[in-house]
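Presented below is the structure to which this report refers.
The values are calculated or read from the model by the stated rules, or taken from the named source; none is laboratory data. Computed from a predicted structure; not experimentally measured. We place every Cβ from the backbone using ideal geometry, glycine too, and count neighbours over all the protein chains shown. All accessible areas refer to the heavy atoms of the entire protein, side chains included, with ligands and DNA or RNA removed. Shrake-Rupley method; radii C 1.70, N 1.55, O 1.52, S 1.80 Å.
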Amino acid sequence: MSSNFNEKINPFEVALKQLEEAAKIISLDKGMLDILAHPKRVLTVSLPVKMDDGSIKVFTGFRSQHNDARGPHKGGIRYHPDVTIEEVKALSMWMTWKCAIADIPYGGGKGGIICNPKSMSDNELERLTRRFAYMIADIIGPRTDIPAPDVYTGGKEMAWIMDTYSALKGNYGQPEVITGKPISVGGSLGRNEATGRGLAFTVREAAKKLNINMKEATIVVQGFGNAGQFASKLVEEQGAKLIAVSDSQGSVLNDNGINVDSVIKHKKETGSIVDFEGCRSISNEELLETECTILIPAALENQITERNAGKIRAKIVAEAANGPTTPEADEILYNNKILTIPDVLANGGGVTVSYFEWLQNLRRDYWTEEEVNNRLEKNITKSFHDVYETHDKYNVDMRKAATVLAINRVAEATKIRGIWP
Ligand code: GLU
């Protein structure tokens, strides 16, 4: 996404505020709150890379390991010019909550490299990725920290990391060190679509709760990468109509509906959704404020803030992106009776199928796509209802409910394991 007026908001402060608010609801012990407020380890690395023109450029990368009380750290690696250490720390905390809500045996982690992958060649990206894998090799591993794709990374980068790690650590193939791999090197069927598919299941459940007829529903999607595309496609399959969509180049709207397959094809051919036939061009602000049934932020953090939350005219906000809504905006949306399906629930399908990929890798086993999708549906539908019941029980918004559920699970594991040494 193009940068905007909200870029000064520090995501880690947002994450801490969410944690503190949830802790208050359950009167969490102060010491436990302090443990959860601090990532266990954050590594910063410098990455010299030979560029294609012969020059050397030094990039900076991070890996934050937030908590591993329930299992190994888990979480993606993003490549973006706006990556900061604070952002990576926040994202690693959100991964801890996400894995606890999905009830999979992982803790949270996240990585990032400050770079603009769109301006780099494949050879440069490979050298950067392998260097990063080399620099974090001692803190990741199949039983300690298992990375995955995130913003502007995918199967190609995962294969390079798997190969580099495997060569360094015993020189035998270890697909279980990373997920989101291409199928040919141990990836799972269904992983690529998993974030969007999981989100579509949570939207389906939310619509039932609100008595929304999906055949009359409209969708607006901000961000049209992997998650945005599959989420649009699968919510469209439930009968809803996409009316506006954006990517880093611009936003377009057509009240009569935008066919998802056609706009995906247009983006593949031209590199953007801009100029899609039958649409008029609108601003990013207008896109978010378009009246619709389901708004899906699928780009970056801090898109819905106190400045624009009052102008959101959706019934459901389903967060495919991580951290798109600030705590102040949550309050406004809740008061306006808009149901938010928070990131840590709505986009948990990605890491859930990463878990399935890891299980298959550990056993050198292969599941059918149907089995993967069925298990995902069962798992995320249960998570949705766990969070929804918590939201009813405490009479709080869905994010607070999700965070309460997560910190209860993580705090219990932390307490039972104890502190040692
Ligand atoms: N990057 C994704 C997320 O934010 C996936 C993480 C994973 O599969 O480990 O949830």
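So which of G278, G250, G257, G310 is touching a Lys or Arg at 6+ places or on another chain (Cβ under 9 Å) and not charged (D, E, K, R)?
Step by step, each of G278, G250, G257, G310 is checked, and only G257 is touching a Lys or Arg at 6+ places or on another chain (Cβ under 9 Å) and not charged (D, E, K, R).
Which members of the range 300-325 meet the condition of being over 17 Å from S92 (Cα atoms), in a loop (DSSP other than H, G, I, E, B) and out of contact with any Pro (no Cβ under 6 Å at 6 or more places or on another chain)?
T305, E306, R307, N308, I312, R313, A314, K315
Just a yes or no: is a residue in the range 46-54 out of contact with any Phe, Trp or Tyr (no Cβ under 7 Å at 6 or more places or on another chain), under 23 Å from M398 (Cα atoms) and away from the ligand (no atom under 16 Å from the Cβ)?
no
Provide a single number: the residues in the range 226-252 that are farther than 24 Å from T153 by Cα, touching a strand residue (DSSP E or B) at 6+ places or on another chain (Cβ under 8 Å) and of a type in the set (G, A, S).
Qualifying residue count, the range 226-252: 2.
Mind listing whichever residues of the range 21-39 are open to solvent by 100 Å² or more (accessible area, probe 1.4 Å) and within 18 Å of P11 (Cβ to Cβ)?
H38
So, restricting to helices (runs of 4 or more DSSP H) that lie completely within the range 337-407, which ones have at least 3 residues that are modelled with pLDDT of 95 or more and over 20 Å from the mean Cα position of the chain (by Cα)?
Ranges flagged: 348-362, 369-394.
Within 11 Å of the ligand (Cβ to nearest atom), under 21 Å from D150 (Cβ atoms) and open to solvent by less than 40 Å² (accessible area, probe 1.4 Å): is that true of N361 in this structure?
no
Taking P81, is it under 18 Å from T153 (Cα atoms) and surrounded by fewer than 14 Cβ atoms within 10 Å (Cβ to Cβ)?
Numbers: under 18 Å from T153 (Cα atoms): yes; surrounded by fewer than 14 Cβ atoms within 10 Å (Cβ to Cβ): yes.
It is true that P81 is under 18 Å from T153 (Cα atoms) and surrounded by fewer than 14 Cβ atoms within 10 Å (Cβ to Cβ).
Only one of (1) surrounded by fewer than 24 Cβ atoms within 10 Å (Cβ to Cβ); (2) within 13 Å of the ligand (Cβ to nearest atom); (3) farther than 19 Å from P297 by Cα fails for I183. Which number is that?
Going through the list (1) surrounded by fewer than 24 Cβ atoms within 10 Å (Cβ to Cβ); (2) within 13 Å of the ligand (Cβ to nearest atom); (3) farther than 19 Å from P297 by Cα, I183 breaks only (2).
Every residue in the range 95-119 that is surrounded by fewer than 21 Cβ atoms within 10 Å (Cβ to Cβ), touching a residue at least 24 places away in the same chain (Cβ under 8 Å) and farther than 27 Å from M398 by Cβ, please.
Hits for the range 95-119 are I114, N116, P117, K118.
Kindly indicate which of K57, K50 is basic (K, R), surrounded by fewer than 24 Cβ atoms within 10 Å (Cβ to Cβ) and free of Cβ contacts under 8 Å to residues at least 12 places away in the same chain.
From the options K57, K50, the qualifying one is K57.
Of the residues Q18, Q65, which is under 18 Å from the mean Cα position of the chain (by Cα), under 24 Å from T414 (Cβ atoms) and open to solvent by 10 Å² or more (accessible area, probe 1.4 Å)?
Q18
Consider K89 carefully, then state whether it is over 25 Å from M51 (Cα atoms) and under 18 Å from the mean Cα position of the chain (by Cα).
In short, yes.
Between residues in the range 71-82 that are free of Cβ contacts under 8 Å to residues at least 60 places away in the same chain and residues that are within 9 Å of the ligand (Cβ to nearest atom), which pairs lie under 7 Å by C-beta distance while being six or more apart or on different chains?
G71/Y106
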